[in-house]
Structures are given as C-alpha cells and as structure tokens.
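To keep things clear, I will list the structure first and then write my remarks on it.
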Amino acid sequence: MGVAAFDADNDLDIDLYWTAWPQVSNAMYENRGGLEFENTGLASGTDDPRGWGISVNAGDVDLDGWQDFFVTNGFDNSSAPNVLFLNDRDGSFSDITATIGGGDFDGRGVAFADFDNDGDLDLVVTADAGRATRLWRNDSAHREPLARSAAQGYRIQRQRDRRSGSRENGGRSDGSGGERRRR
C-alpha cells in the first residue's frame, strides 16, 4: 500500500520500505547497487507481519543522522498497531512505539516535520474517517529521541462552531486545554 524511499543504512544510496497486507509481510529492500535490492525485512526486525500496512514515512527522530520510520496499520481489527521504528545503526530497527503512548489506533497517513520550529522532527498521524488526527511533539532539547523524551501527544479534532460555521482545531489530549486557533 505505501512505499518510502530513504537511506536506511546510511550508505548514501536509496533503500525502499514497502507496506503490505497481512498475507505478505512488509519488506525493507536494501539497495545493493547496480539496481539490485535485497529484502532485509525479517533480519532488520521491520517485517511487521500482522500489520495491514497503509502508509510509511521516514525521518530522523533522535537527531543521530540515521533515518527512523513510522508505519501506519489499520482497516481491520486483527491488524497490528502502528509502529515507530528507531534505527539501531547496525542494520536493525527497534519498535519504540510504546514510548510515545502506543500506536493502537486505525492509522492512515503519516508525516514528519518540525511543526514547532525547534530543530527536531515532530510526528503527525491521520486516522480513519471521524477519528482524531494525532500529533506528537518531539521535545528533544537534550538530543533525546522523540519517543524517549517527554513527547506530548495531541489529538486534533475538527469541530464546527455552530454560531459562525467556521472550523476550529483543538482537543488536546494532555488535559491542559490549550489555545484553539480559528481556521
């Protein structure tokens, strides 16, 4: 369903990660040069055999110069949760999803960007129709990874203001209320 092209092994060529339905495991295709790729999904720990892979995106969440990536899974209750893979810099990846509060929701799209302009990558994951989009703020002032820092998770819901008909974003899940911006 989804494909990401990124340098997973830091050897200056583009590798591929391919998501799939549960009958076929996801695949990490390591670029061997000369247009040859080897599936290292099982060896790297990224095959995600129970996931219903929908999308994937890569970014360096711990600022170590190695690409990490997030896989969204969904469509079926038997699907494995979404997964944040941290690059172990030795050809393998660790599932660190639990450290950001888990990924047990029906994920759809995923993007890494520095949403708060603080120099590190934050993570946004969209969900199925009618479900909240999630934003994880990477607070890595001490060069800690997204998942090992005190990442703040936000649930973003679009709500219609009944009086004006305009839409608002808000609904912080951390209980702090927060300011809402009109769109």
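Nearest 0.05, what FRET efficiency do residue 131 and residue 98 give at R0 = 35 Å with Cβ-Cβ as r?
0.95
Could you sort 38, 30 by their accessible area in this structure, using a 1.4 Å probe and putting the largest first? Working shown, then result.
Numbers: 38 85, 30 45 Å².
Putting 38, 30 in descending order of accessible area: 38, 30.
So how compact is the range 1-53: Cα radius of gyration and Dmax in angstrom?
Here Rg and the maximum Cα pair distance are 10.9, 32 Å.
Viscosity 1.002 mPa s, temperature 20 °C: Stokes-Einstein D of the range 18-127 from its Kirkwood Cα radius, in µm² per second?
149 µm²/s
Hey, rough spin-label estimate for residue 139 and residue 14, points 7 angstrom out along Cα→Cβ, what's it come to in nanometres?
Rounded to a tenth, the inter-label distance reads 3.7 nm.
The values are calculated or read from the model by the stated rules, or taken from the named source; none is laboratory data. Predicted model only: the values in this text are computed from it and were never measured. Don't worry about glycine lacking a Cβ; one is built from the backbone with ideal geometry, like all the others, and counts go over all protein chains shown. The protein model used for the area step is the full one, side chains on, heavy atoms only, and it has no ligands, DNA or RNA in it. Shrake-Rupley method; radii C 1.70, N 1.55, O 1.52, S 1.80 Å.
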